[in-house]
1. What is the sum of charges, Lys and Arg at +1 and Asp and Glu at -1, for the other residues whose Cβ falls under 13 Å from the Cβ of residue 509?
2. Find out how many positive minus negative residues lie around residue 127, taking Lys and Arg as positive, Asp and Glu as negative, among other residues whose Cβ is under 9 Å from that of residue 127.
3. What Kirkwood hydrodynamic radius do you get for region 323-378 when you take the inverse of the mean 1/r over all pairs of distinct Cα atoms, in Å?
4. Once you order the gyration tensor axes a ≥ b ≥ c over the Cα atoms, which shape class does region 21-98 get: rounded for a/c under 1.5, otherwise prolate or oblate by comparing a/b with b/c?
5. Is region 64-115 rounded, prolate or oblate when judged by the Cα gyration tensor, a ≥ b ≥ c being the square roots of its eigenvalues, rounded requiring a/c under 1.5 and prolate requiring a/b larger than b/c?
6. What list of ³J(HN,Hα) couplings, whole Hz, do you get for region 220-227 from phi and the Karplus terms 6.51, -1.76, 1.60, once you set θ to phi - 60° and write x for glycine and proline?
7. Excluding residue 162 itself, calculate the net charge of residues whose Cβ lies under 12 Å from the Cβ of residue 162, where each Lys or Arg counts +1 and each Asp or Glu counts -1.
8. Just to verify a number: FRET efficiency for residue 237 and residue 274, C-beta to C-beta distance, R0 = 25 Å, to 0.05?
Amino acid sequence: MKLPSKELEQAVNALVEGFPANASQVVDEARPLFEALRDGGDRQSLQRCLVVELNARVYLGQLEAAEALMDRWEPVAEAEGWNLARTKFCNLRGIIARKKHDYVSAGTFYRRGLALAETAEDRGAFCGNLGNIFSQLGDFASAFDLLKQSLEHFREAGLERKQGEILLFMGSACQGMEQHELALRYFQQSFDLLDDTHDLSRKIWGWLCVSQCHGELSDIPRQREAIEQAEAMLKAAPDRQTVPPEDVMNVRSVWAQFELDHGDAQEGRRMLLDLLSAEQVLTAEKTSVLSLALANHAKTPPDLAEQMAQRAKAEAEERGYQKELAGAYRCLYRLAKERSPAEALSHLEKVLELEQVRFTETTNKRLQAVELQQKTWELGQELWEEQRLRKETARLLAEVEKQKARAEEANRAKTAILGLTAHDLRNQVASLLLGVETLVHATKKPDKLPPLPELARMITASGADLRDLLHGLLDYAAIQEGTLGSRPELVDLAELVTSAVAPWEKAAAEKEQTLALRLPPTRSIPGQFDPARLKQVLQNLVSNAVKYAPRNTEIEVALSKREDIARLDVRDRGPGIDADDEARLFQAFHPLSNRPTGDESSIGLGLHIAKAIIENEGGRIGYTPRDGGGSVFWVELSLDK
């Protein structure tokens, strides 16, 4: 079969839609379609095709064929990462193990499937299956806990009908723990979520469970109401022909037993006899139960009681129903003890023998529940370790990606450094060379020598800019290598701020700016800091304010103290910082988009170095917009160190 991928996908969809109604056809068509998908289909369709074939084989009872198919493809699914198939394999193997009454293996498969499940729906299904396994083993407390987890997963997935189904099972688990009032609450919640059409059988079963709860609570009127509700649902079914016969028989048998025990006993006997002689085939277990109900009733004639007990015995012996068989012998013992003590003793011995067998079976179930608890715990530990290793691998890969990104950023930074520094170095060296060349030419033509103070100022300024550029690059290298260092000593911050501001008063005056220094009333704030590094930061902040503030504005430098925190604010009336610049304000080699008002140069290292220095001193540095326009750069330092 050679089809385009779109047609292959449509063929898989048709198979899925045809299950379970056309299970045999699904089995016939799935294999050639699977091979075609191996040649040219997508991986998801391939897995869906394999899974629907397996579902169909299990549905048809072809368990060995399904297991052989999984044995063949499970290693491939593991190697190629077919997580959908691996998850469904666990579910199907669990179903097969349950059919073989190997509950421990079934529970182990479900637990592994739970670890593989990627969706809330699948996690809910596996928890629900595990819960039902524990219910079958009589461990209703563990079952309830797992069903509760299943309910949460289905809530996460938004699947109301699944929630209703799980609430039914939770109610049943509560019945097993003899918490009948709690069970009633869960049953009622389930009815609100289940659909009357698609979930008819489940709702009928739920109402019959409700009748049992009311019976245990001796609330006979409500017991009757619950049975009536189940019967009303049968009658209200849109298509009576589609109602499963077992639902009809279940409702009728419960009605008959109710009439026998709490209503018209004669009518109850008639209903039971009708059921037992009906053309519809009852299950062997149901036949045994109904026969025993009739045989044990006080008003049943002895001959009829004997006949029903013998029938129950025959059905139970054939199918190995130990509980019903013991009940049949108990009834025969009661009927025989008056007329034949020897026969009664024989029946009693059989009852004791069967009770011993039942006790052994119950004990084995409890041991299986304990074994399953142990296995699921051990498997949980293995899966936890597997997940831990998976997370660690993911973390290492993420770290590699991060290191790669850092390396790329470092390369970009290196390129930026080369570009920016080459440009600035060229300008500063050109200025120095211009000054020197001017002096050289002046020696040849003294009459054309420019004023020496102006020439000296130009050479000095160029040399200072070149020195600052080199210092900045050296500081950046120290930051990158983690060797910035600090040499703390006792300093007075007020004196340090005053000395840092003073050199910039002339530059501010040239731009007709006012530098306003505001110190605390005490005029002294002592602390242990590196004075040279701190002064470097303060001068950077003040120089930036002078660079970017307009002419004829005031620049405030304010020092304050609150408890053991010293704070410095540098406020200007410049253009402020736009959103893009603010996001990368303290990053290296990111000059601001705003241009200095005096065309001063910047390679974007000052604030990056300032941040590193302040953090190295145990402090914080930041920026906030100034009310009325402008910027506020602030530094906070701890005096308690």
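The values are calculated or read from the model by the stated rules, or taken from the named source; none is laboratory data. Computed from a predicted model, the values in this text were never measured in an experiment. Using ideal geometry, Cβ is built from the backbone for each residue, glycine included, and neighbour counts are taken over all protein chains shown. The accessibility values were calculated without ligands, DNA or RNA, using every heavy atom of the protein model including side chains. Shrake-Rupley method; radii C 1.70, N 1.55, O 1.52, S 1.80 Å.
1. -1
2. Here the charged neighbours net out to +1.
3. Numbers: mean 1/r = 0.0777 Å⁻¹.
Every distinct Cα pair counted, the radius reaches 12.9 Å.
4. Numbers: a/c = 1.97, a/b = 1.15, b/c = 1.71.
Since a/c reaches 1.5 but b/c is at least a/b, the shape of region 21-98 is classed as oblate.
5. Cα axes put region 64-115 in the oblate bin.
6. Once θ is set to phi - 60°, the couplings for region 220-227 become 5, x, 6, 4, 4, 4, 5, 5 Hz.
7. -4
8. Working: r = 21 Å, r/R0 = 0.85.
In this case the efficiency is close to 0.70.
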